[in-house]
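Asks: A single structure is presented below for examination.
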Amino acid sequence: MDFGISTTNQGDWVVMAVSGEVDMATGPALRDNLLSVLAAGTHRIVLDLSAITFMDSSGLGALLGSQRRARLLEGEIRLAAPSERVVEILRLTNLDRVFDVHPTVAAATGVDEDVLREPEAS
């Protein structure tokens, strides 16, 4: 799968959906995209990792460096929907303690999924 990033706005958050492999070749592009969003004045970013097929230390470095910059700007980067493989990497490196990791983009942005559903008839 080719590496790609798409960006959308959801409320106060910029959601960046990342797909493919994040490695030595693509990690710098991820970092550059994150830093560009931060430099443009958006300091609340959710990374949708649901389509990541592989991540190595270069990808983790891009995430960590961008999180440091976000915090300097009094912002944050949240991770959403990582695969079990990525969750395991985050746990092994203790980065699960650095990032807020959420099961869905909606959970990461604070949108209550239940609010979006119609109430059940009783």
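Asks: Would you confirm whether or not region 9-19 contains a residue that is in a loop (DSSP other than H, G, I, E, B) and surrounded by 13 or more Cβ atoms within 10 Å (Cβ to Cβ)?
Replies: The initial filter retains those residues of region 9-19 that are in a loop (DSSP other than H, G, I, E, B), namely 11-12.
Next, from what is left, pick out any that are surrounded by 13 or more Cβ atoms within 10 Å (Cβ to Cβ): none.
Scanning region 9-19, I find no residue that is in a loop (DSSP other than H, G, I, E, B) and surrounded by 13 or more Cβ atoms within 10 Å (Cβ to Cβ), so the answer is no.
Asks: Filter region 20-59 down to residues that are surrounded by 16 or more Cβ atoms within 10 Å (Cβ to Cβ) and either charged (D, E, K, R) or in contact with a Cys (Cβ under 9 Å, 6 or more places away or on another chain) (or both) and give me whichever is farthest from ALA70 (Cα to Cα).
Replies: Filtering region 20-59 for residues that are surrounded by 16 or more Cβ atoms within 10 Å (Cβ to Cβ) and either charged (D, E, K, R) or in contact with a Cys (Cβ under 9 Å, 6 or more places away or on another chain) (or both), the one farthest from ALA70 (Cα to Cα) comes out as GLU21.
Asks: A follow-up question, please. Could you grab me the full set of residues in region 20-34 that are over 16 Å from SER57 (Cβ atoms) and part of a strand (DSSP E or B)?
Replies: Answer for region 20-34, where residues must be over 16 Å from SER57 (Cβ atoms) and part of a strand (DSSP E or B): just GLY20.
Asks: For region 61-81, which positions are outside any loop (DSSP other than H, G, I, E, B) and crowded, with 18+ Cβ neighbours inside 10 Å?
Replies: ALA62, LEU63, SER66, GLN67, ALA70, ILE77, ARG78, LEU79, ALA80
Asks: Could you tell me which residue of region 91-109 is farthest from the chain's Cα centre (by Cα), considering only residues that are over 15 Å from ASP48 (Cβ atoms) and touching a residue at least 24 places away in the same chain (Cβ under 8 Å)?
Replies: The extreme case among them is THR93.
Asks: Got at least one residue in region 35-45 being within 15 Å of TRP13 (Cβ to Cβ), assigned to a strand (DSSP E or B) and of a type in the set (Val, Ile, Thr)?
Replies: yes
FYI, it's all coordinate maths here, none of it is from the lab. Everything quoted here is computed from the prediction, not taken from an experiment. Here Cβ is always computed from backbone atoms with ideal geometry, including for glycine, and neighbour counts include all displayed protein chains.
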